[in-house]
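What follows is one structure encoded as structure tokens, with my remarks underneath.
Bear in mind these aren't lab numbers, they're just calculated from the coordinates by the rules spelled out. Quick caveat: nothing in here was measured; it's all calculated off a predicted structure. Cβ atoms come from the backbone with ideal geometry, glycine included; neighbour counts cover every protein chain shown.
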Amino acid sequence: MYEYERNRSGPATALLSLLLTAFILMPVQDALAQSGGFSGAYTRMGFGARGMAMGNALGTVSQEGVFAHYNPALASFASENQIDIGTALMSFDRSLHAFNVTFPLPPSAGLNIGLLNANVYDIDGRTSSGYHTEMLSTHEFQLFAAFGLSISPRLRLGVAAKLHYASFYDAIDNATGAGFDVGLVAHPTENWRIGFAVQDLISSYSWNTNPLYGTLGGRNRNDPIPVRFRLSTSYHVTDIGLIVSSEYEIQRQGAEIVERRQLEGVLPPQNSSRIDNVVTNSQQFRIGAAWNAHERFSLRAGWEIMDLEYLKETHKLSAGFSVHLPYDVMSPSVDYAFVREPLGIAGMHVLTLRLSL
């Protein structure tokens with residue numbers, strides 16, 4: 001449920017809150033590229049029905065629950081043992097699951113532990129000649145633990161550690177990796193919040209393809225996960241139970257470009273390859289809202305643009321609701337979100353069960 005505070009700042013602050021995120025980092029311009037195809041893509045899809053319904057603009061929002069997946073400083077808001085168990089119904093043989101639990105650490109700290117899992121099944125494996133070999137599947141996991149601390153009534157800090165594990169193919173070793181996040185949430189007024197987080201620092205997948213391709217074609221690979229710089233803000237209109245939030249993000253993406261060519265004037269013919277490391281950036285924007293329409297019912301909506309340079313191809317609309325069941329024991333809530341995937345190729349149905357201990 002929402003814990004309403006007295007609204008002292010008025011709608012002008014709410015408008016400023018939304019505009020600040022959109023413009024404060026706009027001068028940062030580097031080479032731009034679409035953000036698809038980079039390691040750990042499932043971790044950037046969102047976490048749970050409440051966050052995904054609001055367009056994943058949850059970097060400063062704790063009234064909807066504590067989800068340090070969006071900003072580790074949010075862990076400091078933990079006031080109870082909140083448990084979220086969620087799954088997403090997706091097309092193209094994909095699945096996405098999330099587990100979230102919080103632990104208050106009185107008087108001014110909190111701990112948030114979460115697990116995210118993504119799977120793709122029934123991948124049609126074929127040889128280079130096009131003959132079917134076997135049906136394949138991939139499985140990826142991210143485990144994180146976030147610690148948040150309120151160092152003053154107006155400022156909260158947080159840090160999170162992450163572990164990555166992925167199984168792509170039986171013939172090669174499983175990929176592993178680690179990374180960390182840092183973040184803060186500031187309170188200029190009672191109802192207005194501003195947050196900043198840097199996520200997936202030094203995160204990457206490390207794996208070895210020698211068992212599959214041998215010493216001639218295989219090698220140790222290190223695929224970096226994009227580093228995320230997220231500036232977020234939110235405003236709580238307590239008189240009507242409305243939360244409006246927005247976020248601007250820059251992703252720094254690293255990739256390997258392999259150039260292969262045939263050597264000239266050499267007999268017998270030989271091939272050579274060159275590997276270049278390329279760094280690009282993409283800019284993203286999110287906006288979301290949540291309204292506590294009734295003691296037992298909440299509504300949410302959001303809009304997420306995954307690359308501002310390719311808005312038409314990458315934007316996602318979302319909406320959802322929560323039903324707060326009339327039971328005092330564990331105060332259960334059932335959350336739902338519908339997310340329209342980019343280009344409208346499919347829709348995602350997200351279900352989450354919330355328990356409070």
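Assorted remarks:
- At R0 = 45 Å, FRET efficiency that the Cβ-Cβ distance of Arg154 and Asn208 yields, to 0.05: 0.40
- Farthest toward positive dipole pole in the chain [+1 Lys/Arg, -1 Asp/Glu at C-beta], among Thr209, Tyr121, Leu325: Leu325
- Gain upon complete extension [Val278, Val334; 0.36 nm per residue less C-alpha separation]: 15.8 nm
- Comparing Thr280, Thr233, Thr209 in a Gaussian network model of the chain (Cα springs below 10 Å), the most mobile by mean-square fluctuation is Thr209.
- Calculated P(r) of the chain - Cα pairs past 34 Å, %: 28 percent
- In the range 186-248, the convex hull through the Cα atoms has an average projected area of 6.6 nm², a quarter of its surface area.
- J(HN,Hα) series, the range 297-306, from Karplus relation 6.51 cos²θ - 1.76 cosθ + 1.60, nearest Hz, glycine and proline x: 8, 10, 10, 9, 7, x, 9, 10, 10, 7
- Cα centre as origin, Lys/Arg/Asp/Glu Cβ charges: the range 268-357 dipole, Debye: 80 debye
- Along principal axes, Cα extents of the range 278-331, largest first, whole Å: 54, 22, 13
- Across Arg44, Arg252, Arg126, mean-square fluctuation computed from a Gaussian network of the chain (C-alpha pairs under 10 Å connected) peaks at Arg126.
- Cα Rg, Dmax (largest Cα-Cα span) when computed across the range 231-316, Å: 24.0, 81
- Panel values: the range 157-285, Kirkwood radius from alpha carbon pairs, Stokes-Einstein at 4 °C and 1.567 mPa s, translational diffusion coefficient 70 µm²/s.
- Estimated from helical segments only, the mean residue ellipticity of the chain at 222 nm is -2500 deg cm²/dmol, where each DSSP H run of four or more residues counts as -39500 (n - 2.57).
- Charge dipole (the chain, unit charges on Cβ, about Cα centre) - positive-most of Ile194, Tyr165, Gly86: Ile194
- Alpha-carbon Rg/Rh ratio, for the range 94-156, with Rh computed the Kirkwood way: 1.37
- Across the range 64-75, rounded Karplus estimates of 3J(HN,Hα) from the backbone phi angles (6.51 cos²θ - 1.76 cosθ + 1.60, θ = phi - 60°) give 8, x, 9, 10, 5, 3, 8, 6, x, 5, 5, 4 Hz, Gly and Pro being marked x.
- 0 to 90° range, to nearest 10: angle between helix 11-23 axis and the chain longest Cα axis: 10 degrees
- Cα centre as origin, Lys/Arg/Asp/Glu Cβ charges: the range 160-252 dipole, Debye: 280 debye
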